[in-house]
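Working notes for the structure below.
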Amino acid sequence: MTIDLKPSPARADRDVPAPLTLTRDYSTPDRIYRAGVRISGGGVFLLLVVIGIFLAWSGYPAFQQAGWKFFTRSGFQTLGAHPTFGVLASIVGTVEVAFVAMIVGAPVAIATALFLSEYAPLKTRRSLIAMIDLAAAIPSIIFGLWAVFELQPNVVGFSTWLSHHLAFIPFFKVVSPPLNASIFIAGLVVGIMIVPIVASICREVFSLAPAGEREAALALGASRWQMIRTVVLPFGRGGMVGAVMLGLGRALEETIAVSIILGGSFTVTAHILQKGGSTISQLIAVNFGSGGTLGLHDLLLCGFVLFLLTLVINLAASAIVNRSRSGAGVDL
Amino acid sequence: MTPENTIRTAPHGILVETTSAPASTADGRQDPRPPEPTSPNTATPPTPTPRPRRLPSPIRPSAFGTQDAMILIMAAVSSLCLVWVVFYQLTSLSGGLGFLVCWYIGFVALTWIATAQVIERQVATDRAVAVVVVSAAMLIVAIVVFIVAWVAYKAIPSIHWGSLFTKDQKSFVVTDPNALDHVGVVHAVIGTLEQVLVAVLIGVPFAIATAVYLNEVKGWGVKTVRTVVTAMSGTPSVVAGIFIYSMLILTHVLTYSGFAASLALVVILLPSVTRVVEEVLRVVPSGLREASLALGAPEWRTVWSVVLPTARSGVVTAVLLGIARIVGETAPLLFTAFGSQVVNWRGYFNHDQGALPLVIFSDVRQAQPVLINLAFQAAFVLMSIVLVLFVLARIFSRPKGKNGKRMKPGPNDDDLMARLFVPIPIEQNEENR
Amino acid sequence: MTTTLSSTSPADADHPTPFTGTPELGQPGQVDAHDVCAWFGGRLVLETVDLVMEKSKVTALIGPSGCGKSTFLRIINRMHEVVPGAQLAGSVKLDGVDIYGPGQRAMETRRHIGMVFQKPNPFPAMTIAENVLAGLKFSRVSPADKDDLIEESLTKGGLWNEVKDRLGELGGALSGGQQQRLCIARSLAVKPRVLLMDEPCSALDPTSTLRIEQTIKEIASEVTVVIVTHNMQQAQRVSDYCAFFLAEENQPGRVIEAGKTGTIFGSPTDQRTFDYVNGQFG
Ligand SMILES: Nc1ncnc2c1ncn2[C@@H]1O[C@H](COP(=O)(O)OP(=O)(O)O)[C@@H](O)[C@H]1O
Ligand SMILES: [Mg+2]
């Protein structure tokens, strides 16, 4: 075959052809299939919307009753002529539990992730990861059980010790013993529960740190830790923040382990070592069915608040993790 | 070693070996290949007769020697003594945990100081961090092992196997000294089985369809739905419960029932399983799809006959993990199944129903030792179910090799578990594959 | 069989003092590799390499890819052991001190024997100046005058004129060739005795390549250079000595021939060397 080479005419002389529009004619089964999976996907979307709407809708009567004071009051006194109820103490308690959980859990999780991605020998790495995954699979009720029977008796002594020696920190001050069933203990067990979650994201992010820079650091005479600090941690910073936020979302929502432990009182307190305190989810779980119709609406409103809270945190966190994993977080 | 080959002095006084290295490596341990006397492909000058040689034995550059071990041991012991003096002699405090925490802090600090003295600060910091990192991981592993063992230890001695799986709680009498003979958790086992089974039957097809949508269909909606699925997998489980309650029970569509519990569990199951299945579908090679489409197969056939079967073991993993995820959920059941002391397996749609987590939750707060024992037994049963599911899931997550045996797992499987419990976004740059 | 580059043997091989003191830091050192073997996951990839890398000279390692040049280079500064499942045997001496001897720390060795990789790898989160000082930060040395050291190192790396006004910018903001020279400057800032370069120019454009060759010639008096290159002209241009590695089919890599660069390229004694340097294979 001979090829006839002719110069193409100058651009101006030529009309650029319009792009072809390729119409896909799907067969009927294909249309059904596509519609089916679309409906399913749309259904999930709808489900989330419906959850929000129903909680808002069924919580609204409580909001009508209390107004914005719902957020500035505490208590669950929904029966009688003058009901007072609010979520303030529970929000404070939720934040405190989550705070303790993050203080305890996040460093342990990050250290665990570092161990899995940087230190663990290849042979043991897989089984260790399995163990950490198993920690994520243990039902929270069992964590709660363990916390009540094993952790709490040990921690009470530690709490006493803290309250003796670190009472100058307001959190560690104890006004009224006893020291069991406290926010501190609840936070501790939730902190343990979030470790596998935070660790597994961090591990993934750390293992994505570029090999070239790792080797560069080592070849310059860095110790393993110095290499981690110069390369792995800056690279994984976004992912770490996101992971900790996801852990936070989990800490905010934990219900059963907290409900088993917490004494449940509706006073806003900073003394996390002493008995008492409540969280939103604990408020819902423990008081369900005991406050009449208004109480029910109150709890549903609380659920709506918790729903929004975790939704926002989780969305923000996953955006951060995703950015970091796609490498966009590297330009620090 | 003395060169046996002809060596001539190159200009500038440099010794150059004129012949090639012998082609044999007689170290059978490291290199089992038979020696090749001559290499036929090159025009080598007179090849020397092959000479069996031992390779030098490998060096083990160890970053951690006896001295380092000594430092660690000394640090541990001195911290123990130091903390003991401070803890018990000077401040007269008690509490095992506080002692342990102080000992640990002292241990790390002393390790650092000793290493800095004996070696140098750079190594000291490295070593101290290594100690912290290793102990963090060990702590978590120890807690997991401890919890599993502890539940078994607390439950097994008091188990009456004759009644555990045959009796419910209705005949519990506080004053009965042999109460454990007459109570069991069969009502909870039946409830949990029914609730989880129906939740899986409803949730898994939807989850697979949604995952197929996210992975196989292109379009504007995919991104939104993926974000929604991610967001939903972080929905509090207590919210799933009160949502079903407010939508179906408050409006009298349903009563407290196992079915309502199943629906609440679906809300939790759906996003988690979707994410695991999506992850599994993502690793199906796109060449397979293209091959099928190129043969003229319609899309649905491609998905049904090529993509899903290829991912079968992954989908099974997803389902097993999904069950493990929901079987221990307690909070949603409080508002839906409500709990019951008696066996109820026919009233699944219209009566209160027990469940293992509910037994634990309600009985452990009773003052009756018998009930607390029962709670532990329920926890043991629950824990066993989760363990079995977990092990099965890990076996199924490995693809089958050519010989039909399951291969060593790939790096990807490790993340499946995380997908289930955590709202990690799945990478989004897959749409224009 | 012994393949030596030089008949001079290391003088004080009997004094295996760890080189923790720094009197010699900054002085070019001689590397003496003896009987070096390497395995990856039980597979032998490098067999009994004996090579002396002369003080203050540039030694080029040439050979087709996969013959173990990088592996050999990484053994010289103890980077080989970073790879999981990697093993090695033999001895490597820096001025007579076995770097794999008891009590030798890898970090310390790597400080004395720097390395530049094929792909430029400045620390992206650090500025140019911080990148240069990174090695010193690791060894907790604070130089008397940081600015002087930065200027000196960047000048040696042939980058000073281009970046002297933008030292505060991130290292990742430079072009590929500039990044590579930054990496060289970063390695030189710790004043190593030996600088290993693994195909430092293979990812670069011709101009950057020339500049790096220039740099190599300039620093050769202060630091022993060992460079892996696939570019025969480059090997001829920059090196004093040359070693030809080859891994024949299903064989581990070996040194086939080593000697003065002129000899290897002009009158090699081995047919395979002749074929390779004349572009017959590989
Ligand atoms: N990380 C590794 N794991 C396993 N094998 C490796 C690894 N790096 C290199 N190898 C093998 O070692 C041999 C030598 O590799 P290398 O030293 O990189 O060759 P060169 O640098 O000469 O191209 C090759 O056969 C290569 O496949
Ligand atoms: Mg190479």
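The values are calculated or read from the model by the stated rules, or taken from the named source; none is laboratory data. All values derive from a computational prediction rather than experimental measurement. In this analysis, Cβ positions are derived from the backbone assuming ideal geometry, glycine residues included, and neighbour counts consider all displayed protein chains. Surface areas here come from the heavy atoms of the whole protein model, side chains and all, with no ligands, DNA or RNA. Shrake-Rupley method; radii C 1.70, N 1.55, O 1.52, S 1.80 Å.
In summary, the helical segments of chain A meeting the span-like criteria, namely a full DSSP H run, a Cα extent along the axis of 27 angstrom or more and a mean Kyte-Doolittle hydropathy of at least 1.6, are A:88-114, A:183-207.
Quick check of the Kirkwood formula: for the range A:92-291, what is the inverse mean of 1/r over all pairs of different Cα atoms, in Å? Numbers along the way, then the final one.
On the way: mean 1/r = 0.0553 Å⁻¹.
Roughly 18.1 Å, rounded to one decimal.
Among the protein heavy atoms, those of B:M247 account for about 50 Å² of accessible surface (1.4 Å probe, every chain in place).
With a 1.4 Å probe rolled over the protein heavy atoms of all chains, the accessible area of B:W220, B:W161 falls in the order B:W220, B:W161, largest first. Compute, for A:H164, the solvent-accessible surface of its heavy atoms (probe 1.4 Å) with the complete set of protein chains present, and express it in square angstrom to the nearest 10. We get 120 Å² for A:H164.
From the alpha carbon centroid of the range C:61-133 to that of the range A:112-179 is 41 Å. At the residue level, C:F138 shows approximately 10 square angstrom of accessible surface with a 1.4 angstrom probe and all protein chains present. In terms of accessible area, using a 1.4 Å probe and ignoring ligands and nucleic acids, B:T235, B:T255, B:T66 rank largest first as B:T66, B:T255, B:T235.
Given +1 at the Cβ of Lys and Arg, -1 at the Cβ of Asp and Glu and no other charges, the dipole of the range C:92-174 around its Cα centre is 400 debye to the nearest 20. All Cα-Cα separations within the range B:82-210 were binned at 10 Å from zero, giving a P(r) of 10, 18, 19, 17, 17, 15, 5, 0, each value a whole percent of the pairs.
What do you get for Rg/Rh of the protein assembly as shown when both radii come from the Cα atoms and Rh is the Kirkwood radius? Write down the numbers at each step before the final one.
Details: Rg = 34.5 Å, Rh = 33.1 Å.
Ratio of gyration radius to Kirkwood radius for the protein assembly as shown: 1.04.
In terms of accessible area, using a 1.4 Å probe and ignoring ligands and nucleic acids, B:T274, B:T227, C:T127 rank largest first as B:T227, C:T127, B:T274. Over every Cα atom in the range B:66-156, the radius of gyration and the widest Cα-Cα span, Dmax, amount to 16.0, 52 Å.
Tell me the GluC sites (Glu not before Pro) within the range A:75-154 that lie in a loop according to DSSP and have at most 12 other beta-carbon atoms within 10 Å. Kindly include the intermediate steps, with their values, before the conclusion.
On the way: sites: A:E96, A:E118, A:E150; in loops: none.
The qualifying sites: there are none.
Taking a 25 Å limit on the Cα-Cα distance, which of the listed pairs A:K123/C:K93; C:K69/C:K119; A:K69/A:K173; C:K55/C:K217; C:K119/C:K191 fall beyond it? Exceeds cut-off: A:K123/C:K93; A:K69/A:K173. On the basis of the beta-carbon distance and an R0 of 35 Å, B:V391 and B:T66 show a calculated FRET efficiency of 0.35.
Note the full-extension length gain between B:A367 and B:V283 as 0.36 nm times their separation in residues minus their Cα-Cα distance, in nm to one decimal. Intermediate values should be presented prior to the final figure.
Values: separation 84, 0.36 × 84 = 30.24 nm, distance 5.23 nm.
Fully extending the segment from B:A367 to B:V283 adds 25.0 nm.
Per residue, how much accessible area does the protein assembly as shown have with a 1.4 Å probe, in Å²? Show your work: numbers first, answer last.
Working: 43450 Å² over 1047 residues.
Computed with neighbouring chains in place, this is 41 Å² per residue.
For the range B:179-399, the relative contact order comes to 31 percent (Cα pairs under 8 Å, sequence separation of at least 6).
Relative contact order of chain A: what whole-number percent is it, with Cα pairs under 8 angstrom and at least 6 residues apart? Walk me through the numbers before you get to the answer.
Working: 457 pairs, mean separation 88.8, N = 332.
With pairs under 8 Å counted, the relative contact order is 27 percent.
If you take each beta carbon of peptide A:47-53 and count the beta carbons of other chains within 10 angstrom, what is the mean?
That works out to 5 on average.
A simple spin-label model places pseudo-atoms 7 Å from Cα toward Cβ; at A:W68 and B:N178 they are separated by 6.7 nm.
Show that you can apply the helix-only estimate: for chain A, add -39,500 (n - 2.57) for every DSSP H stretch of four or more residues, divide by all residues, and state [θ] at 222 nm to the nearest 500.
On the way: 12 runs with 210 residues, N = 332.
Calculated at 222 nm, the ellipticity per residue is -21500 deg cm²/dmol.
With Cα atoms as the point set, the range A:141-193 shows a radius of gyration and Dmax of 11.4, 35 Å.
Name all residues of the range C:164-178 having a backbone nitrogen under 16 Å from the label point set 7 Å from the Cα of C:T207 along its Cα→Cβ direction, giving them as ranges. Output list for this probe position: C:174-178. Amide hydrogen proximity for C:L44: with H placed 1.01 Å from N in the peptide plane, no residue at 5 or more positions away or on another chain lies under 5 Å. If I fit a long axis through the Cα atoms of helix C:146-156 and take the longest principal axis of the Cα atoms of chain C, what angle between them do I get, 0 to 90°, rounded to 10? Roughly 40 degrees, rounded to the nearest 10.
Ranked by the mean number of other Cβ atoms within 10 Å per residue, highest first, peptides C:233-244, A:206-217 order as C:233-244, A:206-217.
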